[in-house]
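Data first, discussion second: the structure below is written as structure tokens.
The values are calculated or read from the model by the stated rules, or taken from the named source; none is laboratory data. A quick note: this is a predicted structure, and the numbers were derived from the prediction, not measured. Positions of Cβ are generated from backbone atoms using ideal geometry, with glycine treated the same way; all protein chains shown enter the neighbour counts.
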Amino acid sequence: MSSTPSHRPASTDPPPTFPAGSWADDGRSRSRSRLLASIGGVLAAAVALASGEFVGEIIVDAPSPVYAVADVFVDESPGALVSWSIDTFGGTQQTILVWGIVVASLVLGGLLGLVALRSRPAAFGGFVVFGLVGWWAGARDLFATSQGAFFSSAVAAASGSAVMDILGRFRRAMLGPSRTSANVGAEAGSPSVGDVSAATPGAPVSGADDARRRFLAVGAGAVAWAAVAPALGRWIGPSDPEASADLLAELPLDESPALPAGSTLDQIEGLADYITPNDDFYLIDTALRPPVVDAADWSLRIRGMVDDELEFAFDDLAAMEFEEHIITLSCVSNEVGGDLVGNARWGGVRLDDLLARAGVRDGATEVVGRSVDGWTAGFPTATLDGRPALVALTMNGEPLPVEHGFPARLVVPGLYGYVSATKWLQEIELTTLEAFDAYWVRRGWAEEGPVLTQSRIDVPGRGATVAGSPTVIAGVAWAPHRGIERVEVRVDDGDWLDARLNDEITDNAWRQWVLRTDLAPGPHTATVRATDGTGITQTSERTTPIPRGATGRHRIDFGVA
């Protein structure tokens, strides 16, 4: 059986027309609506973040939700992940983390803007969740109170919700009611094109053009607030406190003393200075922002397995016998040839003198330093074997910079920072190695952290082309508390050649070295190795920093013109 198609007569009626922006103008209207909704969500999230940061800057016990969440990431991340981030990003890893949280929050804000097309209550609920997460994270901050954390997070969530609501009203007034599947329901009750005045109660507008201008104005205001709020908060809020003038006057400050004779080799461009300037000294710590500590209200407590628990104010320490020592510090995460190392002139009070006043009890095997933000480092009491470990108050003749631990920090020659270099020092506890694991030990690093013998080539730079006759190869080597006895350089597969060293001012500091040799034009490699004061030459075996520091010899490729 066959069938024949049926035919309908063609309509003679003219095709229907619909106003632009109505449900029939489906594709373009829906795309514009989604774009504007996501933009509104991003702007709302930006305002929320900026408002939380503003409150966190002007109120001491109300932390910024962004930094509070970032602190949770730092505290809960496994040691391997933190080591990878330091190796990959160096001292910028914390800045990258903070900006990563900001970008993720803006993306989520854009998604909430799209959610608002279907359900405005659900979108506002998303900002409530933002606030609750910020409150939870902020309440963990030792400098914050639960009430302060709630206030900063509530301000952030409320301001973000308000901006999204206002921009949503103007968006709907601009585009008119939509019957697309994306907008049925939540948008059904939106004001129509002819009822634009309902968009913002108390602020009637004349039409879609007025709504567009107001959308742009509010959006520009949101961008401006997001840009200036953090800086404005820092300007309005408490200034970074330093010790009052009378406290600083008690410190023997000397910002530019003469270097010891023989401490520096001939001027070699690119070679690390013997003394690392404060601004160039490496920064690696878990604090996303340096704790703000007022020296006038600060004190150092010594407790635990001691005969007498003691407490010292800043002026108490400044009035004690003051010593200065040139000491090299190195981060355990420093890769072979890395720059997470520096040499500075530290001034302060000897740690063994303070502990002698307290009276260390028999059986105390660990010294724990505790920061004002709760970070801890611990090292064996046997390490205090006469080396000049300091409660440092100055760095290169200046009061400790805030980022380097103002008002006081621990400096212990020969130990990596993760076991010894407590910044923003608040407490020293005597305990046992069995009873307490410090911050990084709990994350998989070795319990004891002696600095390994290392050497580095600074000149030539990796991949550089240099002049011959002679070719200059130079760098630094360090083995704090053991000293550097010898540095040797091998070019290509040749013999090991002795480099010339600067005078050893102290075995706690690094030594500069230089080798001048004639090389043929073309590509070359240079490898360096150092021998410490105990006669041990650094190994050629390459290992990663975890769990007790990197080993291996630094090697570079370069060319001779």
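Filter the stretch 430-457 for residues that are surrounded by 21 or more Cβ atoms within 10 Å (Cβ to Cβ) and at pLDDT 95 or above; which is farthest from the chain's Cα centre (by Cα)?
Quick first cut of the stretch 430-457, residues surrounded by 21 or more Cβ atoms within 10 Å (Cβ to Cβ) only: 430, 438, 440-441, 445, 449, 451-457.
Next cut, at pLDDT 95 or above only: 430, 451-457.
Working: Leu430: 30, Val451: 23, Leu452: 25, Thr453: 28, Gln454: 26, Ser455: 27, Arg456: 25, Ile457: 27 Å.
My answer is Leu430.
Any chance the stretch 348-361 includes a residue that's in contact with a helix residue (DSSP H, G or I) (Cβ under 8 Å, 6 or more places away or on another chain) and surrounded by fewer than 20 Cβ atoms within 10 Å (Cβ to Cβ)?
Yes: the stretch 348-361 contains one or more residues that are in contact with a helix residue (DSSP H, G or I) (Cβ under 8 Å, 6 or more places away or on another chain) and surrounded by fewer than 20 Cβ atoms within 10 Å (Cβ to Cβ).
Condition test on Ala198, is it at pLDDT 80 or above and in contact with a Pro (Cβ under 8 Å, 6 or more places away or on another chain)?
So Ala198 fails the test.
Of Val419, Val411, which residue is more than 27 Å from Leu248 (Cα to Cα) and touching a Phe, Trp or Tyr at 6+ places or on another chain (Cβ under 7 Å)?
Being more than 27 Å from Leu248 (Cα to Cα) and touching a Phe, Trp or Tyr at 6+ places or on another chain (Cβ under 7 Å) holds for just one of Val419, Val411, which is Val419.
Is it the case that some residue within the stretch 321-334 is surrounded by 16 or more Cβ atoms within 10 Å (Cβ to Cβ), of a type outside the set (A, V, I, L, M, F, W, C) and more than 30 Å from Gly461 (Cβ to Cβ)?
Scanning the stretch 321-334 turns up at least one residue that is surrounded by 16 or more Cβ atoms within 10 Å (Cβ to Cβ), of a type outside the set (A, V, I, L, M, F, W, C) and more than 30 Å from Gly461 (Cβ to Cβ).
Before we move on, is Ala389 within 28 Å of Thr264 (Cβ to Cβ), over 25 Å from the mean Cα position of the chain (by Cα) and of a type in the set (A, V, I, L, M)?
So Ala389 passes the test.
Let's see how each residue does on (1) at pLDDT 85 or above; (2) out of contact with any Ser or Thr (no Cβ under 7 Å at 6 or more places or on another chain); (3) over 15 Å from Ser153 (Cα atoms):
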position	(1), (2), (3)
Ala10	no, yes, yes
Gly40	yes, yes, yes
Ala48	yes, no, no
Phe54	yes, yes, no
Ile58	yes, yes, no
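If a residue must be touching a Leu at 6+ places or on another chain (Cβ under 6 Å) and of a type in the set (A, V, I, L, M, F, W, C), how many such residues does the stretch 394-409 contain?
Qualifying residue count, the stretch 394-409: 2.
In the stretch 405-428, what count of residues is obtained for those that are within 16 Å of Glu323 (Cα to Cα) and among the hydroxyl-bearing types (Ser, Thr, Tyr)?
0
In the list Ala122, Ala116, Ala80, Ala139, which residue meets the criterion of being modelled with pLDDT of 90 or more and surrounded by fewer than 18 Cβ atoms within 10 Å (Cβ to Cβ)?
On inspection, the qualifying residue turns out to be Ala122.
On the basis of being farther than 22 Å from Gly56 by Cα, modelled with pLDDT of 95 or more and surrounded by 11 or more Cβ atoms within 10 Å (Cβ to Cβ), does Thr264 make the cut?
Details: farther than 22 Å from Gly56 by Cα: yes; modelled with pLDDT of 95 or more: no; surrounded by 11 or more Cβ atoms within 10 Å (Cβ to Cβ): yes.
Against the criterion (farther than 22 Å from Gly56 by Cα, modelled with pLDDT of 95 or more and surrounded by 11 or more Cβ atoms within 10 Å (Cβ to Cβ)), Thr264 does not qualify.
Just to be sure before I move on: is Ala364 hydrophobic (A, V, I, L, M, F, W, C), touching a helix residue (DSSP H, G or I) at 6+ places or on another chain (Cβ under 7 Å) and over 23 Å from Pro480 (Cβ atoms) in the structure I sent?
Criteria met by Ala364.
So Leu232 fits all but one of (1) at pLDDT below 90; (2) more than 17 Å from Ala44 (Cβ to Cβ); (3) in contact with a helix residue (DSSP H, G or I) (Cβ under 9 Å, 6 or more places away or on another chain); what number is the exception?
Condition (1) is where Leu232 drops out.
What's the number of the condition Gly347 fails, among (1) of a type outside the set (D, E, K, R); (2) over 22 Å from Gln426 (Cβ atoms); (3) touching a Pro at 6+ places or on another chain (Cβ under 9 Å)?
With (1) of a type outside the set (D, E, K, R); (2) over 22 Å from Gln426 (Cβ atoms); (3) touching a Pro at 6+ places or on another chain (Cβ under 9 Å) applied to Gly347, the lone miss is (2).
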